[in-house]
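Read the structure below first, then the notes.
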Amino acid sequence: MIAPVGRLALLVVSALWFSGCDEAAPPAAGGASAAANAATTRKTLQLGDPAPNFRLRDMDGRLVSLEEHRGKVVLLNFWATWCGPCRVEMPAMEQLYRSLSRRDFEILAVSTDPQGAAVTRPFQRELQLSFPILHDADFRVGLTFGARTLPMSFLIDRQGIIRERVFGALDWHSPEATRAIQLLMNQT
């Protein structure tokens, strides 16, 4: 039998899976590549490590921290509006978000777009996304988590421990992904 957390890893290999964008920032951004190279000297986060807390602004300018969601399973997704695979996985993330209780589950979609809400707000309206979109324009949080490609996602358990890391787009509303997240939600 596969361990509950390992099911999502198996899902990543066997389910609908698109390659991610090669860069963690659009080619015009320039500085992110140098910052990404500097980040490789830091310790890379591993499965089982505590997820570092962060505070980022949402589209209304409110500061949101990872820590305020302790006690919930969190899908932390790094993405950008210019990233094709990111755009592809967002509708499935929205379906997943609407199907699970806010009491037990949260999605934090961290945009790496340097323009912030100027580009994410129209994107959110176009795709009718209801989950929180946060802004990491200088990619500091993304580098802290070791996001080397977009999209890149982390599943964080109720205790704030990184349980899965997914490179590239995934069908988050698939039965397999939903089951894996529900298994994490059922763990105390």
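Residue 126: in a strand (DSSP E or B), on the phi < 0 side of the Ramachandran plot and either surrounded by fewer than 17 Cβ atoms within 10 Å (Cβ to Cβ) or acidic (Asp, Glu) (or both), yes or no?
No.
Just to verify a result, which residue in region 165-188, among those that are assigned to a strand (DSSP E or B) and open to solvent by less than 10 Å² (accessible area, probe 1.4 Å), is farthest from residue 83 (Cα to Cα)?
Residue satisfying both the conditions and the ranking: 166.
Select, from 160, 142, the only residue that is at pLDDT 95 or above, surrounded by fewer than 19 Cβ atoms within 10 Å (Cβ to Cβ) and closer than 22 Å to residue 63 by Cβ.
Every option except 160 fails the conditions.
Taking only pairs six or more apart or across chains, which ones have beta-carbon atoms under 6 Å, a first residue in region 140-160 that is closer than 25 Å to residue 103 by Cα, and a second residue that is open to solvent by less than 20 Å² (accessible area, probe 1.4 Å) and not hydrophobic (A, V, I, L, M, F, W, C)?
153/77; 155/164
For region 69-89, does any single residue satisfy the condition of being in contact with a strand residue (DSSP E or B) (Cβ under 6 Å, 6 or more places away or on another chain), outside any strand (DSSP E or B) and β-branched (Val, Ile, Thr)?
Within region 69-89, one or more residues are in contact with a strand residue (DSSP E or B) (Cβ under 6 Å, 6 or more places away or on another chain), outside any strand (DSSP E or B) and β-branched (Val, Ile, Thr).
Do you know which of the residues in region 56-91 that are open to solvent by 10 Å² or more (accessible area, probe 1.4 Å) and small (Gly, Ala, Ser) is farthest from residue 171 (Cα to Cα)?
The residue in question is 61.
The values are calculated or read from the model by the stated rules, or taken from the named source; none is laboratory data. Bear in mind that the values here come from a model prediction, so they are computed numbers and not experimental data. Heads up, the Cβs are rebuilt from the backbone with ideal geometry, glycines too, and the neighbour counts pull from every protein chain shown. When the accessible area is computed, the model is the full protein with side chains, heavy atoms only, and any ligands, DNA or RNA have been set aside. Shrake-Rupley method; radii C 1.70, N 1.55, O 1.52, S 1.80 Å.
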